[in-house]
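The values are calculated or read from the model by the stated rules, or taken from the named source; none is laboratory data. Note that the structure is predicted; figures quoted are calculated from it, not measured. Note that we place each Cβ from the backbone using ideal geometry, even for glycine, and neighbour counts take in every protein chain shown.
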Amino acid sequence: MTENMWAYRTNIDYLAADITGYGVEALDGAIGKVDKHSDEVTDAYLVVDTGVWILGKEVLLPAGLVTRIDHAAAVVYVDRSKEQIKAAPAFHRGEHLGSGGHREALVAHYLPGMPFGVPPA
């Protein structure tokens, strides 16, 4: 993983295309489509619309969870299971895009025991 959970890994070509609308694949299957994304250097994330998978819920995924982007197939791959993503802290777009508290909760969920945003070396 990257030094910062809120940055894409160095081998990810996230600037090749607008990834809005791309499908999102967890380790164990499809979870939805990218509804919004940020590619800021240390503030990158995906807002994923899960559709009916978890009752139309949107989830915020830190860009550091992205393992690969297949631009030809329009699919983003992440290194968490559907269950891990489903169990993430609730995301409400108007309240959380820019909320440090929600980001800290996501780090605690995806990287338990780690300082805010810094995964193990």
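Is there a residue being surrounded by 17 or more Cβ atoms within 10 Å (Cβ to Cβ) and either in contact with a Cys (Cβ under 8 Å, 6 or more places away or on another chain) or charged (D, E, K, R) (or both) anywhere in segment 62-74?
To start, the set of residues in segment 62-74 that are surrounded by 17 or more Cβ atoms within 10 Å (Cβ to Cβ) comprises 62-66, 69.
Checking which are either in contact with a Cys (Cβ under 8 Å, 6 or more places away or on another chain) or charged (D, E, K, R) (or both) leaves us with none.
Scanning segment 62-74 turns up no residue that is surrounded by 17 or more Cβ atoms within 10 Å (Cβ to Cβ) and either in contact with a Cys (Cβ under 8 Å, 6 or more places away or on another chain) or charged (D, E, K, R) (or both).
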For this session: Filter segment 82-102 down to the residues that are exposed (fewer than 13 other Cβ atoms within 10 Å of the Cβ) and assigned to a helix (DSSP H, G or I), then identify the one that is modelled with the lowest pLDDT.
Result: Gly100
For this session: Those residues that are over 13 Å from the mean Cα position of the chain (by Cα) and touching a residue at least 24 places away in the same chain (Cβ under 8 Å), I need them from segment 15-26; list them, please.
Result: Leu15, Ala16, Ala17, Gly21
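If you take the residues of segment 48-64 that are part of a strand (DSSP E or B) and at pLDDT 90 or above, which of them is nearest to Arg93 (Cα to Cα)?
Only one residue fits best here, namely Val48.
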Seminar exercise, completed: How many residues of segment 58-82 are closer than 16 Å to Ala44 by Cα and among the hydroxyl-bearing types (Ser, Thr, Tyr)? The answer is 2
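Just checking, how many residues over segment 15-39 are surrounded by 18 or more Cβ atoms within 10 Å (Cβ to Cβ), touching a helix residue (DSSP H, G or I) at 6+ places or on another chain (Cβ under 7 Å) and not β-branched (Val, Ile, Thr)? Walk me through how you get there before you give the answer.
Applying the first criterion (surrounded by 18 or more Cβ atoms within 10 Å (Cβ to Cβ)) to segment 15-39 yields 19, 22, 24-26, 31-34, 37.
Of the ones still in play, those that are also touching a helix residue (DSSP H, G or I) at 6+ places or on another chain (Cβ under 7 Å) are 26, 31.
This time we only want the ones that are not β-branched (Val, Ile, Thr), so: 26.
The qualifying residues number 1.
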